[in-house]
Structures are given as C-alpha cells and as structure tokens.
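Following: one structure in structure tokens, then a few remarks.
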Amino acid sequence: MNSAVYEDKPYYDVWMKSLMALPALFAVVGAGYMVGKDIEGAITLLAVAVLVAATYWAVFPRKYSIHSTGMKITLGGPFSFNVPFERVESAINPEGATI
C-alpha cells in the first residue's frame, strides 16, 4: 500500500469498554475468591483472564488508515486487514447509540 492519506484511532465509548472488561474482571475476581480454597482453579481462572485479554488485544482495531488504493485496519500485534476501495459498497454515518 502507498503512504497513508489519513489515519485515525477507533473510538470506544465507556459502555463498550465496560462490556469488554467484564469477562476478564469476572475471571480475576473469581480467581481471587478461589485462592484460599482451590489454587488450581484460581490459576485456571487467571489463565482465562489472560486469554480473554489477549484475544481482545488481537481482535479489536487499533488504527484505521486510508491510503490511495484502499483502507487498512490495524489490529493488535502483526494482524491487519487491507480493504481495496473496489470492495467497498457503501459508507454511512452511524446513527443512534454507539456501543
């Protein structure tokens, strides 16, 4: 792709961030509750929390770039999507609540 004409970071509102944090938070709280009773279960829940956080990091967009030939959506780490303009059918402004 050519050099970027426009770059921007995605916007995540408070509700989206809260919904994203809930599964990892539940796993960490559950692990804290289980530490005195079942150490293997607590370690498993901490591993689940790390796995959920790593999945979110890898899947959710970090940056959008508009190039002269198309658009690039950069995800966490080495992951990204290149979308040529020929594949874009329509672009609209979102209306209503953003989650």
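Summary table below
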read-out	value
Filter result (assigned to a helix (DSSP H, G or I) and exposed (fewer than 14 other Cβ atoms within 10 Å of the Cβ)) within the range 32-45	G32, Y33, I39, E40, I43
Which listed residue is free of Cβ contacts under 8 Å to residues at least 60 places away in the same chain and exposed (fewer than 11 other Cβ atoms within 10 Å of the Cβ), from V29, V14, V52	V14
Residue in the range 75-83 that is among the small types (G, A, S) and on the phi > 0 side of the Ramachandran plot present	yes
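For every residue, the table says whether it meets (1) among the aliphatic types (A, V, I, L, M); (2) more than 21 Å from the chain's Cα centre (by Cα); (3) not in a loop (DSSP other than H, G, I, E, B).
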site	(1), (2), (3)
A21	yes, no, yes
V48	yes, no, yes
W57	no, no, yes
P78	no, no, no
A91	yes, yes, no
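Bear in mind that the values in this text are calculations on the coordinates, not laboratory data. Bear in mind the structure is a predicted one, so any value in this text is a computation, not a measurement. So basically every Cβ, Gly included, is an ideal-geometry build from the backbone, and we count neighbours across all protein chains shown.
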